[in-house]
Structure formats: C-alpha cells, structure tokens
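Structure record follows, encoded as structure tokens.
The values are calculated or read from the model by the stated rules, or taken from the named source; none is laboratory data. Predicted, not measured: the structure shown is a model, and the values here were computed from it. Positions of Cβ are backbone-derived with ideal geometry, glycine not excepted, and every protein chain shown enters the neighbour counts. Quick note on the areas: whole protein, heavy atoms, side chains included, nothing else; ligands and nucleic acids left out. Shrake-Rupley method; radii C 1.70, N 1.55, O 1.52, S 1.80 Å.
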Amino acid sequence: MSVPSVSVIISVFEQLQYTKRCLAQLEETLAGKLDYEVIVIDDASKDGTVEFLKGLDERYRVFFNDQNQGFAKNNNLGAREARCEYLCFLNNDVFVQGDWLTPMLRVFEEKEKVGMVGNVQKLAGSRRYDHMGIVFSPQGKPCHYGQGFLHRPFKGEVRKWSAVTTACCLANRGKFLEIGGFDEIFLNGCEDIDLCLRMAEAGLDHYVVHDSVVEHV
C-alpha cells in the first residue's frame, strides 16, 4: 500500500478547550508519520474560538461561517476543499491516542467495496464505552453497540457493521463525493446513519477497527 494521504476535517462550534486538546493530540499522534492536512470549519463561534483558529499556522486550513450551518454542511465543505485521498471526519470533542489511524486506513487495502471505517469510542473521563458500531432494532431504530460497556469485545478484529458514527471515521474522498456526501437536510444528528444507509444501497460495507480506541466527550 502506498503511503495514503488524509484530510482531517473538524467542524467546530465553540468548546474552545476541547478544540485545543483535539488538535494537540492529532499532532502528537500523526506528525511525521503520514501525509495529512487539517481542515477546520468554524460554525460562527462566539467564545474566542475564532481568534484562536486565526492564530494557527500554515499546517491548518480554516474556514469561517458567518452563520451557523450545522454538521452536514460543514463537513461537506471540508470534503470539497480537501486535497487528500481519504477523509477523516473528527468531532472536536474526540481525543485520539496511540496508533489509532493507521489500522483504519489499512481496511481500505484489505477489504473490497469499503464505505465508512469507524473505531471504538470510550467516554472521556470514564471507564465505560460509547460506540463499537451501530446496529438497528427490529423497529429500525439505530443504536450504538457497546454503549455503557465496561469491557471491549472483538479485540484484534475488524468487523462489519450496519453503520458507524462519524464522530471519528474514515471515507475515501472520491466515493464520499460520488454518493453525494452528507444530506444537508440534517443539522446535527442522523446524517451519519443516512450516509451509511445510502452507501450500503450502493454496495459498500462499513467496518469498525476494534483496536483503534479514542475518547469522546
């Protein structure tokens, strides 16, 4: 596998302390290890976030909204502006650690017809987990598998799931744009489920790398 390039896309609305920690841990885990860029879209923050983002160096590409646009529009903008082969959608309240990204990228080499690749998410400051993949109830309601768990099953595995959360996930940029990106009718919630369902209709499968673990507030 040639060394992949990744555009990390972060939609930000205030929560400045989270954003600072998110960016710091991105640099700690990725700097010097692969080719990546960081795209930040500020969604009309009023808490000092704008001033902080304007002070970032040339490693960061920052876009500023005059009015709140919501998660779907912001991430679609980031995807269009991205210069890399893969898109990593990352919430600013997700804190990465260790070798979290390389195993996720490897899925695109080892599997065919890959849609979204997610990971395991642990509640920040807690011993409990929040996400290990998304399943649907018999009534069609999407649920996070593993929510509230104190243990982590499927260690060492890459498992197929019906959907994954986009709080931290990977997609091939070409396929993401081809499928139409996030449906912008959604403001903040269910746009990731909708995207995964549309990708599945197009014949793509979704995976979780169960040895990639991050913290999510």
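Here are the numbers for this structure:
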| quantity | calculated |
| --- | --- |
| Gyration tensor (alpha-carbon) shape descriptor, region 1-118, a/c threshold 1.5 | prolate |
| Computed magnitude of the charge dipole of the chain (debye, nearest 20; Cβ of K, R +1, Cβ of D, E -1) | 580 |
| At most 11 other Cβ within 10 Å, DSSP loop - GluC sites (Glu not before Pro), region 89-148 | GLU112 |
| Antiparallel bridge percentage (DSSP; both residues within the chain; nearest 5) | 45 |
| Cross-link pairs beyond the 24 Å C-alpha cut-off, checked among LYS20/LYS54; LYS111/LYS155; LYS155/LYS175; LYS20/LYS122; LYS46/LYS122 | LYS155/LYS175; LYS46/LYS122 |
| Burial ranking of peptide ranges 14-26, 71-83 (average Cβ count within 10 Å, highest at the top) | 71-83, 14-26 |
| Solvent-accessible surface (1.4 angstrom probe) belonging to GLU27, in square angstrom, nearest 10 | 70 |
| Highest-first arrangement of 61-68, 99-106, where packing means the average Cβ count within 10 Å | 99-106, 61-68 |
| Cα centroid of region 108-186 to Cα centroid of region 67-100, whole Å | 15 |
| Other-chain or far-sequence residues with amide H under 5 Å of ALA124's (modelled H) | HIS216, VAL217 |
| Enclosed volume per residue, in Å³, of the convex hull spanned by Cα atoms of region 93-217 | 113 |
| Rel. contact order, % - alpha carbon contacts under 8 angstrom, at least six apart, region 3-82 | 37 |
| Cα gyration tensor shape for region 31-84, rounded if a/c is under 1.5, else prolate or oblate | oblate |
